[in-house]
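Everything below concerns the one structure shown next.
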Amino acid sequence: LLWELYELNFCYELYVLDQALNPNLWTSSDEMQLTCQTLLYSIFPGESSLMMWSESLLQDSHKLGLCATDVPTMLPYINKFCHLLSAWPGAPAHFQYPVEMKDQDDKEVYAVFSLACGFYVQTAFDFLGRQPSLPSMFQFV
């Protein structure tokens, strides 16, 4: 239960941060808002994110998405997470032109994910004034 609360809080904080850091993208048009929502939702298994409470819980959901225990399962979600962060002010140069990782080894993927997590945590802390809620995926980074 506690894991689920952290996961939901992470989803909402990411949503709020993206809207606050990219207000022009979220308010420019309905089409752009839909694009932003689609990208945000694609970071989470089932692309449900903020609608999790209306869906039945996935079996072993702690092993899916960014929380997966293996790189091939985690990789599509890391790519989407990095793509989302690339539009944030102050994003590391590596994210300015996001390239989808496909055949990188685990060390390369881990290095990119570490960079993304560090940037996310620092940006969230700067904006929120406190450490953001972090699901288990960030515990090893």
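The values are calculated or read from the model by the stated rules, or taken from the named source; none is laboratory data. Keep in mind that this is a model prediction, so the values were computed, not measured. Here Cβ is always computed from backbone atoms with ideal geometry, including for glycine, and neighbour counts include all displayed protein chains.
Computed quantities for the displayed model
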{"quantity": "Extreme residue, surrounded by the most Cβ atoms within 10 Å (Cβ to Cβ), among residues of segment 91-141 that are at pLDDT below 85 and closer than 18 Å to Asn22 by Cβ", "calculated": "Phe95"}
{"quantity": "Close pairs from segment 1-22: first closer than 16 Å to Cys117 by Cβ and among the polar types (S, T, N, Q), partner at pLDDT 90 or above and not in a helix (DSSP H, G or I), Cβ under 7 Å, at least 6 apart", "calculated": "none"}
{"quantity": "Single residue of Leu5, Leu25 found to be surrounded by fewer than 14 Cβ atoms within 10 Å (Cβ to Cβ), over 26 Å from Val109 (Cα atoms), at pLDDT below 90 and aliphatic (A, V, I, L, M)", "calculated": "Leu5"}
{"quantity": "Test: residue in segment 50-63 that is within 28 Å of Asp105 (Cβ to Cβ), modelled with pLDDT of 90 or more and surrounded by 15 or more Cβ atoms within 10 Å (Cβ to Cβ)", "calculated": "no"}
